[in-house]
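What follows is one structure encoded as structure tokens, with my remarks underneath.
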Amino acid sequence: MEPLVLASGSATRRTMLENAGLTIIVDRPDVDEGSIKFECREHRRPVTEAALRLATAKARQVAVRHSGRLVIGADQMLDCDGEWFDKPVDRVAAERQIAKLSGRVHVLYSAVVAVRDGAVVWSTVDKAELSVRSLSAEFIKSYLDRVGAAALSSVGGYQVEGLGIQLFDAVRGDQSTILGMPLIPLLAFLREQGVIAS
């Protein structure tokens, strides 16, 4: 099997694909995510479109370096009552963001696209709903003390596969979607294309 190209710097996405038995080449894109999100907000695009545009921009940028290869791009958006959240830039931002999510339900939208020679050949967006329990300020501080810099590496300031699961009282959705890449539909596409065994 020819390796897939993963247009992402995410260790989680890489691990997901490798654990599923795929051979991949990682090529990290350098996309101005802020300008894409700003444009989507300015034109009142739905959050699903923002996630798809981000994933597509990453895959297309990397595809120019891998002629003929299938390039996978992915991205995730967090929406809470119409407000889009970004990765926190520092601990203060993480603390503020988690406090804002406390006692509320938010939705993670994860997009994945496949690009070959600049053309999108397949894409999908999936969502997961997560209900954050009511968190005390003391708990949030303690949580951030324990997770450290990991709180800055995800859009919600948490990783559900680790200590972050303690923030929730309900999680509805596929685990791979929550982790940032809808894996089951991606694998179905790859089987249809004969990239992996069916």
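Values quoted throughout were computed directly from the atomic coordinates according to the rules given, and no laboratory measurement underlies them. Because the structure is a prediction, the values reported are computed rather than measured. Cβ placement follows ideal geometry from the backbone for every residue including glycine, while neighbour counts extend to all protein chains displayed.
Assorted remarks:
- The residues in the range 74-104 that are among the β-branched types (V, I, T) and either in contact with a Phe, Trp or Tyr (Cβ under 7 Å, 6 or more places away or on another chain) or free of Cβ contacts under 8 Å to residues at least 40 places away in the same chain (or both) can be counted, and the count is 1.
Rundown of residues vs (1) surrounded by 16 or more Cβ atoms within 10 Å (Cβ to Cβ); (2) hydroxyl-bearing (S, T, Y); (3) out of contact with any helix residue (DSSP H, G or I) (no Cβ under 6 Å at 6 or more places or on another chain); (4) part of a helix (DSSP H, G or I), yes/no style:
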position: I98; (1), (2), (3), (4): yes, no, no, yes
position: H106; (1), (2), (3), (4): yes, no, yes, no
position: V113; (1), (2), (3), (4): yes, no, no, no
position: L130; (1), (2), (3), (4): yes, no, yes, no
position: L144; (1), (2), (3), (4): yes, no, no, yes
position: A151; (1), (2), (3), (4): yes, no, no, yes
position: E161; (1), (2), (3), (4): no, no, yes, no
position: R191; (1), (2), (3), (4): no, no, yes, yes
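- Residue under evaluation D27, criteria (1) in contact (Cβ under 8 Å) with a residue 24 or more places away in the chain; (2) under 13 Å from M181 (Cβ atoms), criterion not met: (2)
- Lone qualifier among K87, K58 - being assigned to a loop (DSSP other than H, G, I, E, B) and within 19 Å of G180 (Cβ to Cβ): K87
Table: residues versus (1) out of contact with any Lys or Arg (no Cβ under 8 Å at 6 or more places or on another chain); (2) closer than 30 Å to E138 by Cβ; (3) surrounded by 13 or more Cβ atoms within 10 Å (Cβ to Cβ).
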residue: H43; (1), (2), (3): yes, no, no
residue: T56; (1), (2), (3): yes, no, yes
residue: Q76; (1), (2), (3): yes, yes, yes
residue: C80; (1), (2), (3): no, yes, yes
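- Test for K58: is it charged (D, E, K, R) and in contact with a strand residue (DSSP E or B) (Cβ under 6 Å, 6 or more places away or on another chain): yes
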